[in-house]
1. Exactly one of these conditions fails for residue 299: (1) farther than 20 Å from residue 105 by Cα; (2) exposed (fewer than 12 other Cβ atoms within 10 Å of the Cβ). Give me its number.
2. Having 3 or more residues that are out of contact with any helix residue (DSSP H, G or I) (no Cβ under 8 Å at 6 or more places or on another chain) is the bar; report the helices (runs of 4 or more DSSP H) wholly within the range 1-117 that clear it.
3. Does the range 184-196 contain any residue that is surrounded by fewer than 24 Cβ atoms within 10 Å (Cβ to Cβ), in contact with a helix residue (DSSP H, G or I) (Cβ under 8 Å, 6 or more places away or on another chain), modelled with pLDDT under 95 and under 26 Å from residue 14 (Cβ atoms)?
4. In the range 67-81, what residues are more than 17 Å from the chain's Cα centre (by Cα), surrounded by fewer than 17 Cβ atoms within 10 Å (Cβ to Cβ) and touching a residue at least 60 places away in the same chain (Cβ under 8 Å)?
5. On the phi < 0 side of the Ramachandran plot and crowded, with 22+ Cβ neighbours inside 10 Å: does that describe residue 130?
6. Give 277, 309 a once-over and let me know the one that is in the same structural domain as residue 129 (by TED's automatic domain parsing), at positive phi and over 25 Å from the mean Cα position of the chain (by Cα).
7. For the condition assigned to a helix (DSSP H, G or I) and either touching a helix residue (DSSP H, G or I) at 6+ places or on another chain (Cβ under 8 Å) or buried (at least 22 other Cβ atoms within 10 Å of the Cβ) (or both), what is the one hit in 153, 173?
8. For residues that are in a helix (DSSP H, G or I), exposed (fewer than 15 other Cβ atoms within 10 Å of the Cβ) and touching a helix residue (DSSP H, G or I) at 6+ places or on another chain (Cβ under 8 Å), scanning just the range 334-345, find the one that is modelled with the highest pLDDT.
């Protein structure tokens, strides 16, 4: 007892050694300056502008969605401000034929993947039409059960592998989701079968009110991928360029048959966990909020693009006005969609009604016809 452990057997030393190797990957610092020229992506001017456009659009979508929720015109809504680089830059590295299995905060990715915005609004209202993606739009409905999309993604990715397609399945969860059993089952299954999946942990620092430091004893969330034998990396989630490069490289590995990757994007949500009663001022300080506000992904990317002569206040205003107009049209179309009925719910769930529902169906059908 109390003897000094040898180098061959020193579990704590091994853990320390592993954790020290996880250094956060960053290309664009908080001042909008390139700090890793070697890994700066070779994106065209048009692509850089398009990525910024999507990030600005999403910030406006978030602001308008919060307003619509407060007006009672949307149902469930999880704010996205602060996570634009994590969400949109990761999506920017994907192909149209790739599959996205989102969490409930990941509506922007599936909208830019092809889900009409008006259907995204209907999803928020709990309307079944909001879960009906158009043909050729490879997305599933946002998952409400924390972490369940990880297991589903492992299955979809294995299906893509068995079909021999050169595509990947991508999913997102938060720091809290990385503590769920489904998280471990999903990455373990995908790792064992070398399924072409990319697993994101969007570490926005709080699982509702639980801070990151109480979530796990691990120094990083990325290192959890080691247990499944898959490559893993921690990325500055407020840096659009770093997120893009990490996702691009993970996708390339996957389609080469090298299996999945786990990516932790270190970011921050500026708003509440959801609009369903959460008050972040009860568990976050103004000092913490201000610290992360200085790392704003849009401000950082804007500075970078302005330095290249690719962005201006006038250009941003154009994007803002277009976003407002398209959001206005989308909510109008959602309002015009026939309301969901009880009989819709019953017939969508069952092809052949069980006996106990046949009577209920008749009762509600009569009520709805009045």
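The values are calculated or read from the model by the stated rules, or taken from the named source; none is laboratory data. This is a predicted model, so every value here is computed, not measured. Cβ sites come from the backbone with ideal geometry, for glycine too, and all protein chains shown count toward neighbours.
1. Exception for residue 299: condition (2).
2. Working: elements: 11-20, 45-70, 107-112.
Once the helices (runs of 4 or more DSSP H) in the range 1-117 are filtered for at least 3 residues that are out of contact with any helix residue (DSSP H, G or I) (no Cβ under 8 Å at 6 or more places or on another chain), what remains is 11-20, 45-70.
3. No: zero hits.
4. 70, 73
5. Working: on the phi < 0 side of the Ramachandran plot: yes; crowded, with 22+ Cβ neighbours inside 10 Å: yes.
It is true that residue 130 is on the phi < 0 side of the Ramachandran plot and crowded, with 22+ Cβ neighbours inside 10 Å.
6. Details: 277 fails: over 25 Å from the mean Cα position of the chain (by Cα).
On inspection, the qualifying residue turns out to be 309.
7. Numbers: 173 fails: assigned to a helix (DSSP H, G or I).
After applying the criteria, what remains is 153.
8. First, the residues of the range 334-345 that are in a helix (DSSP H, G or I): 334-336, 342-345.
Remaining after also requiring exposed (fewer than 15 other Cβ atoms within 10 Å of the Cβ): 335-336, 342, 345.
Filter again for touching a helix residue (DSSP H, G or I) at 6+ places or on another chain (Cβ under 8 Å), leaving 342, 345.
Numbers: 342: 93, 345: 89.
It comes out as 342.
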